[in-house]
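Step one of this worksheet: look at the structure below.
The values are calculated or read from the model by the stated rules, or taken from the named source; none is laboratory data. Predicted model only: the values in this text are computed from it and were never measured. Quick reminder, even Gly has a Cβ in these numbers, built from the backbone with ideal geometry, and neighbours come from all protein chains shown. We work out accessible area using only protein heavy atoms, side chains counted, and drop any ligands, DNA or RNA first. Shrake-Rupley method; radii C 1.70, N 1.55, O 1.52, S 1.80 Å.
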Amino acid sequence: MSSSPSPAAVIEVAGLSKQYRVHKREAGLRAAIASLFHRKYETVDAVADLSFAIAAGERVGFLGPNGAGKTTTLKVLAGLLHPTAGQVRVAGFVPQAREAAFLKRITLVMGQKQQLLWDLPPVETFALNRAVYDIPRKQFEETLGELTELLEIAPVMTKPTRQLSLGERMKCELCAALLHRPEVLFLDEPTIGLDVSMQLTVRSFIRRYNERFGATVLLTSHYMDDVAALCPRVVVIDKGRLRYDGRLDDLVQTMRPEKRIVVRLGQRVAASDLGGLGRLVENEDTRAVFQVAQADVRETMAALLGRLPIVDLTVEDPPLEEVMSEVFASGRAPAPTPGPASSPTPAPTEERAS
């Protein structure tokens, strides 16, 4: 199920495994004292024989349930952790060597961590990063100007970080992480905790940065809207092992080939009057959702328009959260078709009639 590394790959992971020795003991004073003299350990596989490759400029979603090994893999790719087995290369470097030339080509953004100096304004962190990465002043000012415009952070850059909202801090974190114009972005939950409006802003920025600088993006997120909006391809892991590597569209079509027809009505219609129009998934106030086979979409739309007081009608794919939940619950996934995206990520498709 894994993709074979290619000469054009920017990120190459081959047989990656990462194990931890975990100390285990029972609760209670007796067990605590006993553990001072004799400790019991078990070996835990955080990542097990994982292989995939990502080409330059790709935006790839890295998905899995909690504890699947996503953050561990990103830390190995960034050189923060050493692999137990296997080979990893990023931009031609071995990450664990932590060479200066390697560090200047990557960045790791973790939504639950921050690098901004808490009591100082973000501009102080930006200046510090310029010195750390030895960025020429002219390039620094040019890049800072571009990022400030893209992220719209000019009004907040001179305020103490502790006085910024979560969304403002996250935008400044992205700016600080990208001042050295990294070619590879490892993004671990970059929109966690943000409201819907700020999530849209961050997604738009990531897309524009990718398109402007040709950066390679590996993104983890529990917000499936992030993945649907940004990533044509996904790598799915569970319990440290590869489950799927291929196009997101193929995964959705295989796991949930049906469509959902969402209608907004001029007045509420009882569920008993909506029979025979497909499986009724939701009927609340003036909104109703039907699930139908793709082959029946046209016929069902015609029946709905003929029988109901429809104000608006939309045809959508099933929610990605449901698709992923089924992948993990069922243990099945389509045959992978990995490869670099040939064009920018398309916007989510939907048909509308009103």
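Suppose we keep only residues that are of a type outside the set (A, V, I, L, M) and modelled with pLDDT of 85 or more within segment 14-27. Which one would you say is surrounded by the fewest Cβ atoms within 10 Å (Cβ to Cβ)? Before you say what the answer is, go through the steps one by one.
As a first pass, look at segment 14-27 and keep what is of a type outside the set (A, V, I, L, M): 15, 17-21, 23-26.
Now restrict to residues that are modelled with pLDDT of 85 or more: 15, 17-21.
Numbers: G15: 14, S17: 18, K18: 22, Q19: 15, Y20: 13, R21: 9.
Here the residue is R21.
Evaluation of A228 against the conditions (1) closer than 27 Å to T72 by Cα; (2) open to solvent by 10 Å² or more (accessible area, probe 1.4 Å); (3) among the small types (G, A, S); (4) out of contact with any Pro (no Cβ under 6 Å at 6 or more places or on another chain) shows that the sole unmet condition is (4). Consider segment 210-233 and keep the residues that are in contact with a Gly (Cβ under 8 Å, 6 or more places away or on another chain) and in a strand (DSSP E or B). The one that is nearest to I106 (Cα to Cα) is T216. Scanning segment 276-297 for residues that are β-branched (V, I, T) and outside any strand (DSSP E or B) yields T286, V297.
For the list (1) in a helix (DSSP H, G or I); (2) without any contact (Cβ under 8 Å) to a residue 60 or more places away in the chain, I need the number of the one condition that R207 fails. Failing condition for R207: (2). Screening P182 on (1) touching a strand residue (DSSP E or B) at 6+ places or on another chain (Cβ under 6 Å); (2) assigned to a helix (DSSP H, G or I) shows it passes everything except condition (2).
A single entry from R233, R241, R208 fulfils the requirement of being touching a helix residue (DSSP H, G or I) at 6+ places or on another chain (Cβ under 9 Å), basic (K, R) and surrounded by fewer than 22 Cβ atoms within 10 Å (Cβ to Cβ): R208.
Scanning segment 134-163 for residues that are out of contact with any Asp or Glu (no Cβ under 9 Å at 6 or more places or on another chain), part of a loop (DSSP other than H, G, I, E, B) and open to solvent by 60 Å² or more (accessible area, probe 1.4 Å) yields D134, P136, E152, T158.
Residues are listed down the side, and each one gets a yes or a no for (1) over 22 Å from V44 (Cβ atoms); (2) open to solvent by less than 80 Å² (accessible area, probe 1.4 Å); (3) within 16 Å of the chain's Cα centre (by Cα); (4) aromatic (F, W, Y):
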residue: T72; (1), (2), (3), (4): no, yes, yes, no
residue: A78; (1), (2), (3), (4): no, yes, no, no
residue: H82; (1), (2), (3), (4): no, no, no, no
residue: V90; (1), (2), (3), (4): yes, yes, no, no
residue: L103; (1), (2), (3), (4): yes, yes, no, no
residue: M110; (1), (2), (3), (4): no, yes, yes, no
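Can you say whether R279 is under 25 Å from V47 (Cα atoms), at pLDDT 85 or above, open to solvent by 40 Å² or more (accessible area, probe 1.4 Å) and not aromatic (F, W, Y), as far as the supplied structure shows?
On the way: under 25 Å from V47 (Cα atoms): no; at pLDDT 85 or above: yes; open to solvent by 40 Å² or more (accessible area, probe 1.4 Å): yes; not aromatic (F, W, Y): yes.
No; evaluated as a whole, the condition is false for this residue.
Among residues of segment 183-201 that are under 27 Å from F102 (Cβ atoms), those with a beta-carbon under 8 Å from a residue that is of a type in the set (K, R) and open to solvent by less than 50 Å² (accessible area, probe 1.4 Å) at least six positions away or on a different chain give the pairs D188/K70; T191/R203. Just one of (1) within 31 Å of the chain's Cα centre (by Cα); (2) of a type outside the set (A, V, I, L, M, F, W, C); (3) open to solvent by 20 Å² or more (accessible area, probe 1.4 Å) fails for E58. It is (3).
To keep it simple, each residue is scored yes or no on (1) surrounded by 13 or more Cβ atoms within 10 Å (Cβ to Cβ); (2) among the hydrophobic types (A, V, I, L, M, F, W, C); (3) under 23 Å from M324 (Cβ atoms); (4) at pLDDT 90 or above.
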| site | (1), (2), (3), (4) |
| --- | --- |
| R247 | yes, no, yes, yes |
| L251 | yes, yes, yes, yes |
| R260 | yes, no, yes, yes |
| R264 | yes, no, no, yes |
| D273 | no, no, no, no |
| R307 | yes, no, no, no |
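In segment 92-119, the residues that are free of Cβ contacts under 8 Å to residues at least 40 places away in the same chain form Cβ pairs under 8 Å with partners that are surrounded by fewer than 11 Cβ atoms within 10 Å (Cβ to Cβ) and not charged (D, E, K, R), at six or more places apart or across chains, as follows: F93/A101. Scanning segment 117-133 for residues that are open to solvent by 80 Å² or more (accessible area, probe 1.4 Å) and in a helix (DSSP H, G or I) yields E124, L128, V132.
Sort out which residues of segment 242-275 are part of a helix (DSSP H, G or I), of a type outside the set (A, V, I, L, M, F, W, C) and more than 30 Å from L219 (Cα to Cα), and write them in order of number. Talk me through it step by step, then tell me what you get.
First pass over segment 242-275, keeping only residues part of a helix (DSSP H, G or I): 248-255, 271-274.
Remaining after also requiring of a type outside the set (A, V, I, L, M, F, W, C): 249-250, 253-254, 272-273.
Scanning segment 242-275 gives S272, D273.
With a requirement of 1 or more residues that are among the small types (G, A, S), the helices (runs of 4 or more DSSP H) lying completely within segment 1-114 that satisfy it span 29-37, 100-103.
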